[in-house]
Every structure is written in structure tokens, then in C-alpha cells.
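Enquirer: Just dropping this structure here.
The values are calculated or read from the model by the stated rules, or taken from the named source; none is laboratory data. Just so you know, these numbers come straight off a predicted model, no measurement behind them. Neighbour counts are summed over all protein chains in view; Cβ atoms, including those assigned to glycine, are modelled from backbone coordinates with ideal geometry. Keep in mind that these areas ignore ligands, DNA and RNA; they rest on the heavy atoms of the full protein, side chains included. Shrake-Rupley method; radii C 1.70, N 1.55, O 1.52, S 1.80 Å.
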Protein chains: 4
Amino acid sequence: MRIDLNCDMGEGFGRYDIGQDAEVMPLISSANVACGFHASDPGTMHRTVRLAKEYGVAVGAHPSFPDRVGFGRREMSASPAEIRDDVIYQLGALLAFCKAEGVSLRHVKPHGALYNLAARDIEVATEIAAAVRSVDLSLYLVGLCGSALAAAARGAGLKFAAEAFADRGYGKDGRLVSRREAGAVLDDPGVVAERVVRMVRDGEVTAVDGTGISIDPKTVCVHGDTPGAVTLLRAIRRRLELERIEVKSFSGQRRREPPSEGKERRR
Amino acid sequence: MRIDLNCDMGEGFGRYDIGQDAEVMPLISSANVACGFHASDPGTMHRTVRLAKEYGVAVGAHPSFPDRVGFGRREMSASPAEIRDDVIYQLGALLAFCKAEGVSLRHVKPHGALYNLAARDIEVATEIAAAVRSVDLSLYLVGLCGSALAAAARGAGLKFAAEAFADRGYGKDGRLVSRREAGAVLDDPGVVAERVVRMVRDGEVTAVDGTGISIDPKTVCVHGDTPGAVTLLRAIRRRLELERIEVKSFSGQRRREPPSEGKERRR
Amino acid sequence: MRIDLNCDMGEGFGRYDIGQDAEVMPLISSANVACGFHASDPGTMHRTVRLAKEYGVAVGAHPSFPDRVGFGRREMSASPAEIRDDVIYQLGALLAFCKAEGVSLRHVKPHGALYNLAARDIEVATEIAAAVRSVDLSLYLVGLCGSALAAAARGAGLKFAAEAFADRGYGKDGRLVSRREAGAVLDDPGVVAERVVRMVRDGEVTAVDGTGISIDPKTVCVHGDTPGAVTLLRAIRRRLELERIEVKSFSGQRRREPPSEGKERRR
Amino acid sequence: MRIDLNCDMGEGFGRYDIGQDAEVMPLISSANVACGFHASDPGTMHRTVRLAKEYGVAVGAHPSFPDRVGFGRREMSASPAEIRDDVIYQLGALLAFCKAEGVSLRHVKPHGALYNLAARDIEVATEIAAAVRSVDLSLYLVGLCGSALAAAARGAGLKFAAEAFADRGYGKDGRLVSRREAGAVLDDPGVVAERVVRMVRDGEVTAVDGTGISIDPKTVCVHGDTPGAVTLLRAIRRRLELERIEVKSFSGQRRREPPSEGKERRR
């Protein structure tokens, strides 16, 4: 039994740092790397790909609307063709750093407002899938189970990795609880870890009203920019280890075990 | 006997057009495509690659300092590592549009202030060559004969295409006459065309003081954004044809003959 | 009898020119000056304010969503508070060039997608009015008659200048005909000029279905970036002169008569 | 006896925070507020001006080269006229937030690479002074004692506030020790505080080689983005209080005493 843990990485910009990439990278199996449109810049992208390489973490692109001030969280009425070209551009930029570091690009996961739009708008989702396909047919698309993006990936002949959220509440309809409502975010590491195990082992998650929901994620997303992200991830990893569930990229790429403490000291 | 004609293309941005890409593309063999840092945007890049494809024109990247307001003509004290990562990013972005359109990326020619810096600063030139090599070892670097970039290309094991300028005056030391001095720019189509033929056929160009200078360009640059660019290019093409000098990319890529008038009418 | 003619000006960017500012400025009484978010840059803004000053044209700010690639035509789900701060920023930037040139800032007209949003969304309109009021209570807001922006201006105690469009078709409900439908844009200079005269003199415009609509504009907008803009403006000016309708800013600022031909030759 | 303490503020951007503005603001008398070119955005600027207002801290503009990725630390070969217009633009943007909050703009201090360039290049310094003068003749320029900017301010009839650095080493020639050399940065709060007192009370600072140097600063700069900034500032404030040296803006603006603890608790 195995599962992928994905996290948004490389979301700093110029002099600004965000998240705890150095601590998070050893704990995950897939990194969604920002491509300069909502966050990141060429230097940050290069360092992030190098860090992922060090731990054998699978590199994916995390393309966004062009909106640094809004961190890609504001929807823009861009045309599907504009979105397609924005995605190709960002994909290519990251691909070049992968080539430079001799690693493979494995997946694409839209960011923020583009993620939400791609989940519900089949026209946009279709253009995103077309963009990815036109660059590399072997890439995975990552998104919500049952989303427009999932359908578009299927239509384009792309592999799709459905994701679940470790620390978000679910409604009984299987949707995420809105961040404005109670139960939207879970922060107890033990609860979250147990939840992830149930998702993977039992294919089930408990909704806010207590209902059990069927779920079959290929990857579980953990938010890397929350203060407790590292603690949460460590708790998840420990629980998965107890259950003998391997943490491994859905693409099959193997993580490299974090350097032993002795080695870490030497750096 | 053959020569390559290169031109900067796709230098519009958003709603702004510049140059006459649709008229120029049928007349050249290599297009230096802007990558979004001094000019262009994802949509413009896609259209430019498609236009190059239509005429079999070899596509090259035209990376720049990140400076849209200054059109990449203002030097920035960026570190060599920052320049390297900026070049990788831009190269990759264009590469993705090439993949999407099924054409090959052939060369890299730095733009504006970066071109000038790469011509004289071996440290910067070395990082640019390293950037190009890390993405694709088969790419050509294009630059001034005898420049730091030429040396850096050699050092990195990259092919180099030395370029001459069709419409610029040369000093007796072989350098370009500064744009602030007399004789810097030539605009008589007949004179320019004759000059190009002499460069290619005889390996010689006449300096402003009348001296003959030896020159051996692999490619001749024509500025596509001057009002007379199309007239100039047509004159050059006619003279080359008379001399039976083939216009062909230094990479060996074959141009496709411009569609016949009948076909053009149908569009 | 008098009317104001307004036109979007200074919409170039860096090396890019757009519109025909030098030809249009002598023909209008109010210039809506781009502030760097959808178009323009500090140098272009300075030149545009200087050009307006030369002809005594009233200067107004033309703030936008932050979107250069999309020329401010793509709506963004920015919060009202974000929009307010974006407007304050752009207003201030233009105000400084007005101070530097010793001219007054007279009005504010939102651009593109922000114009459309401010016309229908009272919350956004209210924040825009609050932004303008907080910087200078004497400024006019310019927008559609009967729009949310008109109501917000009233609520904030700001003066409002309702605008009509010289070259756009109207439906019988008084709304503009969508650009995707027939009759949306008029381009016959004689027809357009006659239409403007009827709007001003008779308070009426004929809708696409022939109905006469009551209209009472304080200012008439002419699009400066269409090829025929100068011809259109000249035709409008001639007709207005025949009817002895003065072209004058709604703010009361007097135009300076264009320099005589003799003077023009000397430049 | 009195001195001004100035600090760069509002250098976050979008979702990114930097520095500890909320802790630093109560301790200083002048805030150099970033204007969106090297850091900050409209929302951050508004919040920063509001925070300065809360503590009666004098607001100044901190204009920069347009370079967010490089945080304004990379020199650009912009023309003096381009720099002038960039400064006017940034000044105006901040001025509008000051108007919106009913506070006065007091000074202008160039940032990063522009600060260094303005210190040594009289042509650039003259354009900056002209820019400031054209917007508001009553503004102070802040910079190095004896710099080109000081001369330019004098030439333009502007007031100038010479600044010293609390935590930087001085050479015996009165220049700052380069950050690449030993003794460039001091971090012991007691040492730094004592140093500031000597600067203000005795008009002297000890150079790295032990020489005493005469110095007469109107304002002392503390770097707000270093981890120990708050501790450093508190130590400086305590020592100044012991010496009965008042902390007050050079412009004469009075700070408001930080809200009492009781009030703070209520928030």
C-alpha cells in the first residue's frame, strides 16, 4: 500500500521567503513548484528543483494566473486561449530547470484561483489539458476527484492523480467545507494523521456531519505554508509508517531517504 | 554558397504590436523570439512560433534582462548566477511553445544590454553558455565574432554562429560604429544588399574610413523594427538570389517557400 | 451651449506607442491618462501631462486593474478594499506629474474592466468613490449615466460627469449595443458628428431600432485608438462649430487654441 | 538635544511580510515607506501609512529602481530623466495614501542601488532633487553627509537631513566599511546604543581603526529587517532616554506615545 504526499513549494519571491521548504521537502514525495506567475522567480525555481532532487521528490509545475500581488488567488476573466498559453509558458520555464538539474518533470497542478476555475469550468480545464499534452504527453494532471479537470485529462489522454486534503473538512457531498465555515481546517496533528490513514487504507473520510464518504486519492495535499506544516507532516509520516503505507510519488519516482543525522551535521 | 538571415521577432506585448513580423518572416531564415522579459507575452510567443513554423524559419530564443519598460536596453548589475537562471527560464518558456508546435529550438541570441554585456564580460558570457548547455547541448549561441560569448561557447562545447550586421557601419577595427556617430546606420537598400553580398561572397566589408575588413559571418542580422526593414530585406534577398547564394539557417533547417499568391488570397 | 470631448490618452508603454496622442490632443477638452496599471509608465505619463498642458486639455486619471498583458480588459476578483487602494495609488502617481507640470487634476474615469464593474457593482463603485474623495474632494468621477458609479459619486458628495459615446450604437433601453452585435460601432464621420450634435443640442440619440432616446451627457467619449479617430474628431469639431457649441471641459478648464500653422511649422 | 531615528518600512509585498513593522513603528520617528518599485503594493502602503499615523511617525518616500526580484539592489543604467520620472511616480503614489489618511509627507530617501548611485553621481542626484522639488518644495531629502545628493538638495533649495548608521562600521575616511569586510556590521545592542549616543551628544563616532571621526547626523538609520532590530532599537531608545535626548523627526513632527499596555491588551 502506498500514497503520495504533495505540497506547494518554492513560493518565495526575490528576497521574500515563505513556507519552510528545507524542512518540508524531506517529508513529501511530490513538490508543486511555483513558476513565477503567482510566486517564485528564476533563482528560487532553480534552488527549489535542486532541493527536490536532493530528496528524490517528484517535481511538478504549479502554474497560476499572472498575479503576484494577489498570489494567484484572484480569478481573472482570461480567455481559455490565454490560459492555455500562460500554462505552456510556465510549464516550459520549470521544465528547463528540470533539464538543467537532470530530473524529470512529473505533473502539473494548477494553483489557487486557476485550480478552482479548472475544477468547475470544462472549457478552461480542456485548454489546460491541451497545454500540458502539447508539451509532454506523459505528465500527470493533479486536481479534485470528479472535477472538470479530471474529465479534461481523460479527454486528452493524460493521466490524472485525484487529490484529497489532509487538513481540510469535507461536506457530506464530498466537497471541501468553505474556509468561511466551521470545520474547514483541521490542525490537530493526531487527528489529521489518522484521517490520512483512513483515506488511504480504508478509502473513507468522515464529513463534518459525521457521514462516512468514499474517497480514493492518489495523492494527499498538505499545505506547506501554515505554521504547523512540519509537525503535521511528521505526524502523518509516523502514522503511515506504522501502517506500513509507503510514501511514494504517483508517478513511481522513488524518494531518497533524508540524509542521516550524522550527514546533516556535517553540512 | 549560403547565408543565414536573422531578425528579432515577436517583440510585441499584450495589445502592442511592433515590427512587421508577418511581412518579415517570409524573408528570413532565423527568428530570434522574445521570451517575455524585455518584450512579448505567452500569447505573442505562441503566435510567433506558429508563424516561424509556417515558413520553416529556424526558431531561436532572445533572452533579456527583466526590464519591459526599458525594452531590455538598460544594463542591470545582476549577478552572473541571476543571469544564468533568467536565461534558463526564458529558454524553457520558448522551448515549450516549440514543443507545442512541433518545431525545434535552434539557437540563443541574447538581447540588447545583455547582448552587449555578454560580448565583453567573460564571466557573464560563461554563465549564459552554461545555462544554454544545461538545457540543450545542441543549441547554437549567436553573437559578435571575437566576443566573450564566442569564447564562452567554445569553452562550453557549444556551436557558435558569428553574426554581421547588414545595415550598420563598421570601424577599421572591425567594431560597429556607435549609433551616436556618423555612418552608424545605412539605409539605402541597394547599398545594404551589395554589402551583404560582399560579406558572404568575398568575406569582406568596407569600414567607414574605406578600409576593407575581413569578415566571415554565419548569419547576418537585419533589424526588423525599422520602417524600411521589409524593403531592405527584399533588396538583400534579390541580390543574394542573383549571386545564387542560398538563404538558409546555420543550423541546416530549410525554409519553406512563402505560400503562392493564390494561397495567400484564400486566407 | 457647450460640451466636453474626452479621450483615453497616454496608453503607450515603454517603447510601444498606441493611439495618436499628438494629433488627438489638440481636438479634445479632457484627457483620461493611463496610470501604469493597464498601460503607460512614468516617462509616458510625464510626456502626456505635458502634452495636455500645451493645449489646455483637462487631465483626468484613468485607473485600471493591474493587468498590462490584458490591457486592463480582464476582470479580476479583487476585493473592494484592494480596488480602492489600487485607485488611490494610480491617482497619486498621476497627481504628482500634474504638480510637477503645474496643472490641475480634474477627473477620474475607471478603465476597461474596472469601468464596467464600477458601472454595475455598487460596492466596488462605492470604494472607488471613497478612494477619489479621500485624495481630492473636488475631483469629478466620469462614467455611464445611471450607473452604480453615478450613485456612488452622489453618495460620496463627488461631482459626476455622465458620458455618452460618439461612435457606439445604443439599444432602446439606453444601453450600449454589445460589440458582438450589429450596429455596435459607427464609423462614418458625418453620421457620428451629426449624432454628437443631436445628443448635445437636442438631448437625444437614435437607438438601433430607430427609437429616440433621451440623453444628457456632460462629456462625449471618442475612442482615440481607432484608425479613424482623428478624422472622426475633426468632423465632430466642425459640426459643433457650425452649431456654435463650445468644446470645453465639464470642470470649466479652458482649452488653449492649437498653435497656428506657422508655429507648427517651426517645430 | 534631540535626534531622529529612521527605518525602512512597508517592505512586504502581496502575501509576503518582511521586517517587524508593528514592533518597530512605536520605536522610531521617521518611516521610509516603500512605494511599489522594489517592494510593497497599494494595500501594504496604505496599511503602513496608517500604522505610522497611529504613532505620529513622520512618513517619507523610499523610491527605488523598478526591480522587485532584486529588491532594488541592482543598479540599472536608466537615464537621469527616467530616474526623475520614476521618483515622481513613486512619490505621488505615496502622497495619495498620506492624503487619504490626513498625514503629511515629510521626506524622501532613495532606496538601495538608487541610494548609492545618488550618493556619487551628481547628474542623477540633481534629477532626484528636481523630481522632489517639482512635487513639493517643503520635502526633506535624506542621504549621506557629503554625498552628491546633499549637494543636489542644496542646489535645488531643498532641505537635507544627513544620516548616520547606528549599526554600521565607519572607515577613518568617514565612509561605511564595505559589507564584505570585517567590522561592517555591529550587532551588540549595548555597543550600538552607546555609539548612537556619542554620535548625537558628542558629534563623534569611532572608526574601525580606532580613529575618532566628526559626525553631525540629523537622523540615524536602523535597519528594520535584521532579526535583532527591535532589541537594538529598544536599547538605543533606553540610552537616549537616560541622556535626555529626545527622539523626534527632523521635520519637527511629534511622535505619539505608544498606547499604554492596557490599551494594547484590549486590541
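Enquirer: Could you tell me what a quarter of the Cα convex hull surface of the range C:30-75 works out to, in nm² with one decimal place? List each step's numbers first, then the result.
Expert: Numbers: hull surface 12.2 nm².
With the hull built on Cα positions only, its mean projection is 3.0 nm².
Enquirer: Next question, about the same structure. Run the quick spin-label model on A:E101 and A:S138: label points 7 Å from Cα toward the beta carbon, then report their separation in nm to one decimal.
Expert: 1.9 nm
Enquirer: Here's something else I'd like to know. Amide H of C:F165: which non-local residues (sequence gap of 5 or more, or other chain) have their own amide H closer than 5 Å, using H built in the peptide plane?
Expert: Hits under the 5 Å cutoff: C:C221.
Enquirer: Quick one: Cα convex hull volume of the range C:1-69, Å³ per residue?
Expert: Working: hull volume 5.6 nm³, N = 69.
So the per-residue Cα hull volume is 81 Å³.
Enquirer: Net charge around B:R238, counting only other residues with Cβ within less than 13 Å of its Cβ (Lys, Arg = +1; Asp, Glu = -1)?
Expert: Net of charged neighbours comes to +1.
Enquirer: With a sphere of radius 15 Å drawn around the Cβ of B:G155, what net charge do the other residues whose Cβ falls strictly inside it have (Lys, Arg +1; Asp, Glu -1)?
Expert: Spelling it out: positives minus negatives among the neighbours equals +1.
Enquirer: Suppose R0 equals 22 Å. What FRET efficiency, 1/(1 + (r/R0)^6) with r the Cβ-Cβ distance, do B:I122 and D:E123 give to the nearest 0.05?
Expert: 0.15
Enquirer: Taking amide H atoms as placed 1.01 Å from N in the peptide plane, list the residues 5 or more away in sequence, or in a different chain, whose amide H sits under 5 Å from that of D:Y170.
Expert: HN-HN under 5 Å from D:Y170: D:V177, D:V208.
Enquirer: Let me ask another. Carbon and sulfur atoms: what percent of the 1.4 Å accessible area of the range B:1-145 do they account for?
Expert: 48 percent
Enquirer: A 28 angstrom limit on the alpha carbon distance is what I want to check against. Which of C:K53/D:K53; C:K109/D:K99; A:K159/B:K159; B:K53/B:K172; A:K53/A:K109 exceed it?
Expert: Exceeds cut-off: C:K53/D:K53; A:K159/B:K159; B:K53/B:K172.
Enquirer: Could you tell me the largest-minus-smallest coordinate of the C-alpha atoms of the range C:79-149 on each of the three principal axes, in descending order and whole angstroms?
Expert: The Cα atoms of the range C:79-149 stretch 35, 25, 21 Å along their principal axes.
Enquirer: So, one more: Volume per residue, Å³, of the convex hull around the alpha-carbon atoms of chain C?
Expert: Given the Cα convex hull of chain C, per-residue volume reads 127 Å³.
Enquirer: For the range A:12-69 and the range A:130-170, what is the separation of their C-alpha centers, rounded to whole Å?
Expert: Here the two parts' Cα centres lie 20 Å apart.
Enquirer: What accessible area, in Å² to the nearest ten, does a 1.4 Å probe give for A:T211?
Expert: Surface open to solvent at A:T211 totals about 50 Å².
Enquirer: Now, a different point. In deg cm²/dmol and to the nearest 500, what is the mean residue ellipticity at 222 nm of the protein assembly as shown if only DSSP H runs of at least 4 residues count, each as -39500 (n - 2.57), divided by the residue total?
Expert: For the protein assembly as shown, the value works out to -11500 deg cm²/dmol.
Enquirer: Calculate log10 I(q)/I(0) of the protein assembly as shown for q = 0.09, 0.10 Å⁻¹, where I(q) comes from the Debye formula with a single equal point scatterer on each Cα and nothing for solvent.
Expert: -1.22, -1.44
Enquirer: Calculate, for the range C:109-209, the solvent-accessible area per residue in square angstrom, rolling a 1.4 angstrom probe over the heavy atoms of the protein chains.
Expert: 44 Å²
Enquirer: Which sequence of B:F37, D:F13 reflects their accessible areas, 1.4 Å probe, from the largest down?
Expert: Order by accessible area, largest first: B:F37, D:F13.
Enquirer: Also, quick follow-up: Summarise the long-distance tail of P(r) for the range B:128-238 by giving the % of C-alpha pairs beyond 23 Å. Present the calculation step by step, with values, prior to reporting the outcome.
Expert: Values: 2133 of 6105 pairs.
Here the tail beyond 23 Å accounts for 35 percent of pairs.
Enquirer: Counting only other chains, and only Cβ atoms inside 10 Å, what mean value do you get across the residues of C:6-16?
Expert: Working: counts 0, 0, 0, 0, 0, 2, 1, 7, 11, 13, 11.
Taking all residues of C:6-16 together, the mean is 4.
Enquirer: What percent antiparallel are the DSSP beta bridges of chain C, to the nearest 5? Walk me through the numbers on the way to the answer.
Expert: On the way: 6 of 33 bridges.
Given both bridge residues lie in chain C, the antiparallel proportion sits at roughly 20 percent.
Enquirer: Determine ³J(HN,Hα), in whole Hz, for all residues of the range C:24-40 in sequence, where each value follows from phi through the Karplus function 6.51 cos²θ - 1.76 cosθ + 1.60 and θ = phi - 60°; x replaces Gly and Pro.
Expert: Along the range C:24-40, the couplings run 7, 3, x, 9, 10, 10, 9, 10, 8, 9, 4, 10, x, 9, 9, 6, 6 Hz.
Enquirer: Then there is this: Long-range amide H contacts for C:V57: which residues qualify at under 5 Å (H placed 1.01 Å from N, peptide plane, sequence gap of 5 or more or a different chain)?
Expert: Placed amide hydrogens put C:R256 under 5 Å from C:V57.
Enquirer: Oh, and also: What is the minimum Cβ-to-axis distance for chain A, in whole Å, where the axis maps A onto C, and to which residue does it belong?
Expert: A:M76, 2
Enquirer: At a 1.4 Å probe radius, carbon and sulfur cover how many percent of the accessible area of the range C:161-260? The partial results should precede the final answer.
Expert: On the way: 2430 of 5210 Å².
C and S fraction of accessible area: 47 percent.
Enquirer: Using per-residue counts of other Cβ atoms within 10 Å, averaged over each peptide, order B:74-81, C:134-141 from highest down.
Expert: C:134-141, B:74-81
Enquirer: Ok, one more. Find the sum over both chains of the accessible area lost when C and D are paired, probe 1.4 Å, and report it in Å² to the nearest 100.
Expert: 1700 Å²
Enquirer: Here is a follow-up. With springs only between Cα atoms under 10 Å, which of A:A100, A:A129, A:A153 fluctuates most in a Gaussian network model of chain A?
Expert: A:A100
Enquirer: Send over the Kirkwood Rh of the range D:30-165, from the inverse of the averaged 1/r over different Cα pairs, rounded to one decimal Å. The partial results should precede the final answer.
Expert: Working: mean 1/r = 0.0691 Å⁻¹.
Hydrodynamic radius (Kirkwood, Cα pairs) of the range D:30-165 is 14.5 Å.
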